[in-house]
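Participant: Shown below is the structure under consideration.
The values are calculated or read from the model by the stated rules, or taken from the named source; none is laboratory data. These numbers were taken from a predicted model, which means no experiment stands behind them. Here the Cβ positions follow ideal geometry from the backbone for every residue, glycine too, while neighbour counts run over all protein chains shown. Keep in mind that these areas ignore ligands, DNA and RNA; they rest on the heavy atoms of the full protein, side chains included. Shrake-Rupley method; radii C 1.70, N 1.55, O 1.52, S 1.80 Å.
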Amino acid sequence: MSSPPSPSPTRWFKALRRTRLGEPCLKTYPLECVDLLRRARISFQAGRTLKEDFRLAQLEALVRMLEEHECDFVDALGRDLHKPRFETVVFELIMVKNEALHAISNLKKWMEPQSVEKNLSTTLDECLVINEPLGVVVIMGTWCSPVQMCLVPLVGAIAAGNCALISPSEYTVHTAELLHRLIPFYLDNECFHVILAGISDMPEIVELKFDHVFFTGKHKIISKHLCNSLLENKHICPCLGNREEGNKIAMAAARTLTPVTLILGGKNPCYVDQHCDISTTVQRIAWARFHNAGQSLMAPSYILCHTDVKPRLVQALKCCLMQFYGPDPRESRSFGRMVNLEIFNRTRELLWRSGKVVVGGQVTEAEKYIAPTVLTEVAESDPIMQQEVFGPVLPILAVNDVDEAIAFINKQEKPLCVYAYSTNSKVISKLMNETSSGSFCSNDCILQSLMVALPFGGVGACGMGYFHGRYSFDTFSHRKACLLRSTRFECVTYLRYPPYEDRNLSLMTWACSLSQKSQGWCQIL
């Protein structure tokens, strides 16, 4: 089915003018959201998204949107997060384009039915696994990576043949408004919608029934009273994406039998061994921790540093931050700001109440600025070790060996990421095999969460489900088992029918014993 006609040139330029001038965008009210979901449901039921050509056209249009409006996205993220152009282009736009282009290249193969192994009784039958789209899904993005975490899951939803409602975070208002304005001019107007919902409208909106909920990181904050009210009424709660709220989402979704993917935050440990290249190690850790002003789900949360290397590590961090951001990072065009005063105040409090500042520590409330900060003499009981930190603060704790680091990591909740720096392959293998986490990376940070060929997701308290590349396609697909049988061989399969005779049971037991080693089930069926 062909896509709807493109908007008229007048409407197109009007939309561009609004986007660039930053005119306020109307929020999506509950009744409007009901209508959007109804339209998406009708389109899905009509089979609009099933054809390969349709999916390819939507993915190609998404790529065009990012290419044609690169400057608009840079401007929006600059206004929301003071995000440098480099970070926006590389870690937001290129990330999404890579995902879309990968899906375009592999979509035909992903959509093909998959044959499975046959046995003697199914030799003349077809045994297939077919990927079916789930239906209408909702994708809730995070403010940490507001473009990437909205559109990368959307790529998977489109490739799998779903309709989708996208809900960007209210924290990054300019990015949310940009997505709200641009997506209707590129994607099918009946199948894909951006909703900008106010907190007060949530009780009505969450009454809607979706076929999958994809929730990434910190999204929106609502009152505890409202959240409890939503749970009592068996609704999905789109609240603050920490562990506690992730539990509430999972509980509420379970009550309504709605499948969920939760990509939540956590404390991501980073072990630095005494055998490592300090210069390279420090550069990679500092980049990962302080890009986007430390507002990242995947950044290392703290360093477990071998005692012998700690002094050199701290000194190297001082030199590295000077090299990255100059003597005053506040003046650097490469350093961002906190998304809002709430996150700023929370990070500042954790900073002031934990450890000893050896680098940075300066704050400017009017600019929501916190300098890249390194803390030493940090205790496990300090506030900064007890809570998630979405800011440019890096605590360092000393350990005597890798076994102590592993014991420390395993005492905590399972993290989203574990990082290890060492030139000793045995140390790397030990950390990888003796800790559990959503992902693992040695001698670098974050990159494992950006690769289309690797699944990215949480385990335990840091989330459930995964995405990226083929894994996104699978997340938004139902894998339907199909056995296409004929009516031949009834002269054998009649043995399974009543009345049950001992002779029939003996024959089936004999056949089963012959097939156990290779098939694990009675071939005579």
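Participant: Would you point out the residue of the range 458-484, among those that are in contact with a helix residue (DSSP H, G or I) (Cβ under 8 Å, 6 or more places away or on another chain) and assigned to a strand (DSSP E or B), that is most open to solvent (accessible area, probe 1.4 Å)?
Facilitator: Filtering first and then ranking leaves TYR466.
Participant: Now, a different point. Only strands (runs of 3 or more DSSP E) wholly contained in the range 295-413 count here; list those with 2 or more residues that are surrounded by fewer than 19 Cβ atoms within 10 Å (Cβ to Cβ).
Facilitator: On the way: elements: 302-306, 356-359, 373-376, 393-399.
Ranges flagged: 356-359.
Participant: Still on this structure, please answer the following. Among LYS109, LYS97, which is within 30 Å of ALA40 (Cβ to Cβ), open to solvent by 60 Å² or more (accessible area, probe 1.4 Å) and of a type in the set (Lys, Arg)? It would help to see each step written out before you state the result.
Facilitator: Values: LYS97 fails: open to solvent by 60 Å² or more (accessible area, probe 1.4 Å).
On inspection, the qualifying residue turns out to be LYS109.
Participant: Could you list, in sequence order, all residues of the range 158-186 that are open to solvent by less than 10 Å² (accessible area, probe 1.4 Å), at pLDDT 95 or above and assigned to a loop (DSSP other than H, G, I, E, B)?
Facilitator: Once the filter is applied, which keeps residues that are open to solvent by less than 10 Å² (accessible area, probe 1.4 Å), at pLDDT 95 or above and assigned to a loop (DSSP other than H, G, I, E, B), the range 158-186 yields ALA160, GLY161, ASN162.
Participant: May I pose another question? Taking the range 41-94, which residues are farther than 30 Å from GLU331 by Cα and open to solvent by less than 30 Å² (accessible area, probe 1.4 Å)?
Facilitator: Selection gives SER43, GLY47, THR49, PHE54, ARG55, GLN58, LEU59, ALA61, LEU62, VAL63, MET65.
Participant: Of the conditions (1) touching a residue at least 24 places away in the same chain (Cβ under 8 Å); (2) out of contact with any Ser or Thr (no Cβ under 7 Å at 6 or more places or on another chain), ASP80 fails just one. Which one is it?
Facilitator: (2)
Participant: Now for a separate question. How many residues are of a type in the set (A, V, I, L, M, F, W, C) and either closer than 12 Å to ASP75 by Cα or touching a Lys or Arg at 6+ places or on another chain (Cβ under 8 Å) (or both) when one looks only at the range 174-184?
Facilitator: Taking the range 174-184 and keeping what is of a type in the set (A, V, I, L, M, F, W, C), we get 176, 178-179, 182-183.
If we keep only those that are either closer than 12 Å to ASP75 by Cα or touching a Lys or Arg at 6+ places or on another chain (Cβ under 8 Å) (or both) as well, we get 178.
The qualifying residues number 1.
Participant: Tell me the residue from ILE428, ILE409 that is β-branched (Val, Ile, Thr), in contact with a strand residue (DSSP E or B) (Cβ under 7 Å, 6 or more places away or on another chain) and in contact (Cβ under 8 Å) with a residue 60 or more places away in the chain, please.
Facilitator: Just one listed residue meets the conditions, ILE409.
Participant: Restricting attention to the range 442-457, which residues are in contact (Cβ under 8 Å) with a residue 12 or more places away in the chain, under 15 Å from LEU297 (Cβ atoms) and surrounded by fewer than 16 Cβ atoms within 10 Å (Cβ to Cβ)?
Facilitator: none
Participant: Tally up the residues in the range 414-431 that are assigned to a helix (DSSP H, G or I) and over 24 Å from GLN387 (Cα atoms), please. Show your work before the answer.
Facilitator: As a first pass, look at the range 414-431 and keep what is assigned to a helix (DSSP H, G or I): 425-431.
Of the ones still in play, those that are also over 24 Å from GLN387 (Cα atoms) are 425-430.
Counting residues in the range 414-431 that are assigned to a helix (DSSP H, G or I) and over 24 Å from GLN387 (Cα atoms) gives 6.
Participant: Please indicate, with yes or no, whether at least one residue in the range 317-328 is at pLDDT below 95, more than 26 Å from LEU450 (Cα to Cα) and of a type in the set (D, E, K, R).
Facilitator: no
Participant: Then there's this: Determine whether TYR419 is at pLDDT 95 or above, under 23 Å from ALA316 (Cα atoms), of a type in the set (Ser, Thr, Tyr) and open to solvent by less than 10 Å² (accessible area, probe 1.4 Å).
Facilitator: Values: at pLDDT 95 or above: yes; under 23 Å from ALA316 (Cα atoms): yes; of a type in the set (Ser, Thr, Tyr): yes; open to solvent by less than 10 Å² (accessible area, probe 1.4 Å): yes.
Yes: the conditions hold for TYR419.
Participant: Additional query: Every residue in the range 345-373 that is of a type in the set (Phe, Trp, Tyr) and in contact with a strand residue (DSSP E or B) (Cβ under 7 Å, 6 or more places away or on another chain), please. Give the derivation first.
Facilitator: Residues of the range 345-373 of a type in the set (Phe, Trp, Tyr): 352, 369.
If the condition is that a residue be of a type in the set (Phe, Trp, Tyr) and in contact with a strand residue (DSSP E or B) (Cβ under 7 Å, 6 or more places away or on another chain), then TYR369 is the only one that fits.
Participant: Taking CYS144, is it over 13 Å from the mean Cα position of the chain (by Cα) and open to solvent by less than 20 Å² (accessible area, probe 1.4 Å)? Quick ask: steps written out before the conclusion?
Facilitator: Numbers: over 13 Å from the mean Cα position of the chain (by Cα): no; open to solvent by less than 20 Å² (accessible area, probe 1.4 Å): yes.
Taking the combined requirement at face value, the residue does not satisfy it.
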